[in-house]
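The values are calculated or read from the model by the stated rules, or taken from the named source; none is laboratory data. These numbers were taken from a predicted model, which means no experiment stands behind them. FYI the Cβ positions are ideal-geometry reconstructions off the backbone, even for glycines, and counts take in every protein chain you see. We work out accessible area using only protein heavy atoms, side chains counted, and drop any ligands, DNA or RNA first. Shrake-Rupley method; radii C 1.70, N 1.55, O 1.52, S 1.80 Å.
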Amino acid sequence: MTDQHSAALLAGVPLPAVLIDTQHIARVINPLAVELFGAGLEGRHYITALRQPILLDCVERCVENTRETRAKFVKTTTTHETIFEVVCRPVEMAEGQGVLLTFQDISSFEEAGQMRRDFVANVSHELRTPLTALAGFIETLRGSAKNDSVARERFLGIMDQEAARMNRLVRDLLSLSRVESQERIRPDVQLDIASVIDAVIVALRPLAEASDVRVAFDMPTEPIHLTGDSDQLQQVFSNLIENSIKYGKKGGVVTITLTCVAFEPSLRCPAVLATVSDEGDGIKSHHLPRLTERFYRVDGHRSRELGGTGLGLAIVKHIVNRHRGRLRIQSDEGKGSQFIVILPIS
């Protein structure tokens, strides 16, 4: 096969590919490989063309053993990192045996694997703490505090709190799993979003009163209809309003507003913007992009004290995605926070 035929063939390969001949020269580099390594590498020894020790070792092992070899290659730019799986295969050429390198982008698979590992590690950590506490108190109650009624009552109270914490975590994990499984199924029920939010406010009124927080919501005179899942949207606003009550200023106000727009650029259609605002301490800007990550907390100790599991905003994000909406978070230190749910209007 001529170089022209080889170049034409590799140009049709949907992966970066480099053909090395029997003289260890980079004979053909397809356009995708040129994007990866740059131009002007054809006709050079593969050591000077590829340069990366991982790639050179992969080629050398393929040449020595005359069999397929694999390696992982990381391409780093100023903006991101891309992980490739490199496959070196012996190929028969007119003058002898050469080597064909192909590069497959596996960044998304690596990220998914890392997310699974992080998720398991986080769940294990979240469960280990209450389980350790329960085991310790049980051992104490069986031993030194066996006949101490005061200590027993105190320990049983703490054990009840830790058991409730585990129950909340399991409940939120199941809720997150259910929401993720339904994320690609679009709701088909017409509802009034204002009525959904009003029902949430009524349910959270005891919490607001206990926290000395006033919840302000001006019900629109006309219904605002959209297609959605009533239970899931109640879960969204229950989470956001409850967070604003818990983390807002004691004696302050949590304000919910509804704004209809004829055209929302992010959705490219008419939409309603439901904004939940508080008067709390605000959130530092570097936390904002990560707030919807599972188990991410701005203040882990305070969140656990208030019964948070670190999953609430992740659940909110998936529910909003299911409704083809957007979630925006705005906050300035010392000036409170705004959580804006943008939903398409029917």
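Output the relative contact order of the chain, whole-number percent, from Cα pairs under 8 angstrom with separation of 6+ residues. Dividing the mean separation by the residue count of the chain yields 11 percent. By the rule of a C-alpha distance below 16 Å, with chain neighbours fewer than 8 residues away ignored, the lysines paired with LYS284 are LYS335.
Exposure check, 1.4 Å probe, all protein chains in place: THR79 carries approximately 120 Å² of accessible surface. Computed from Cα atoms alone, the Kirkwood hydrodynamic radius reported for the chain is 25.0 Å. Measuring nothing but protein heavy atoms, the accessible surface of region 19-70 at 1.4 Å probe radius is 50 percent carbon and sulfur.
For region 112-228, the relative contact order works out to 24 percent when only alpha carbon pairs closer than 8 Å and six or more residues apart are counted. Ordered by solvent-accessible area of protein heavy atoms (1.4 Å probe), largest first, the residues TYR46, TYR296, TYR247 come out as TYR247, TYR296, TYR46.
Placing unit charges on C-beta atoms (Lys and Arg positive, Asp and Glu negative, everything else neutral), compute the dipole magnitude of the chain about its Cα centre in debye, rounded to 20. Show your work: numbers first, answer last.
Working: 40 positive and 44 negative charges, 136 e Å.
Dipole about the Cα centre, nearest 20: 660 debye.
By the rule of a C-alpha distance below 16 Å, with chain neighbours fewer than 8 residues away ignored, the aspartates and glutamates paired with LYS249 are GLU209, ASP212, ASP278, GLU279, ASP281, ASP299, ASP332, GLU333. When peptides 329-340, 14-25 are sorted by average Cβ neighbour count within 10 Å, with the highest value leading, the order is 14-25, 329-340.
Let me check something: with ligands and nucleic acids excluded, how do MET115, MET166 order by accessible area (1.4 Å probe), largest to smallest? If you can, show how the numbers build up before the last one.
On the way: MET115 125, MET166 35 Å².
My answer, sorted largest first, is MET115, MET166.
Taking Cα atoms, how many degrees apart are the long axis of helix 149-182 and the longest axis of the chain, rounded to 10 and kept between 0 and 90? For helix 149-182, the angle is close to 50 degrees. Accessible area per residue was computed with a 1.4 Å probe on protein heavy atoms; HIS80 scores about 100 Å². In region 207-346, Cα pairs under 8 Å separated by at least six residues give a relative contact order of 28 percent. Working note: Cα atoms of region 82-178, range along each principal axis, descending, whole Å: 90, 31, 17.
Could you provide, to the nearest whole Å², the per residue accessible area of the chain with probe 1.4 Å?
Numbers: 19360 Å² over 346 residues.
Heavy-atom accessible area per residue stands at 56 Å².
Taking the C-alpha atoms only, the angle from helix 107-142 to the longest principal axis of the chain is near 40 degrees.
Per the Debye formula on identical point scatterers at the alpha carbon atoms of region 139-189, with no solvent, log10 I(q)/I(0) at q = 0.14, 0.21, 0.24, 0.28 Å⁻¹ is -0.56, -0.78, -0.87, -0.97. Note the angle between two axes, namely the Cα long axis of helix 312-322 and the longest principal axis of the Cα atoms of the chain, as a number of degrees from 0 to 90, rounded to the nearest 10. On a 0 to 90 degree scale, this one is about 70. With pairing defined as another cysteine C-beta under 4.7 Å, the cysteines of the chain that fail it are CYS58, CYS260, CYS269.
Here the Gaussian network model covers the chain, with springs between Cα atoms less than 10 Å apart; of ALA11, ALA208, ALA133, ALA11 fluctuates the most.
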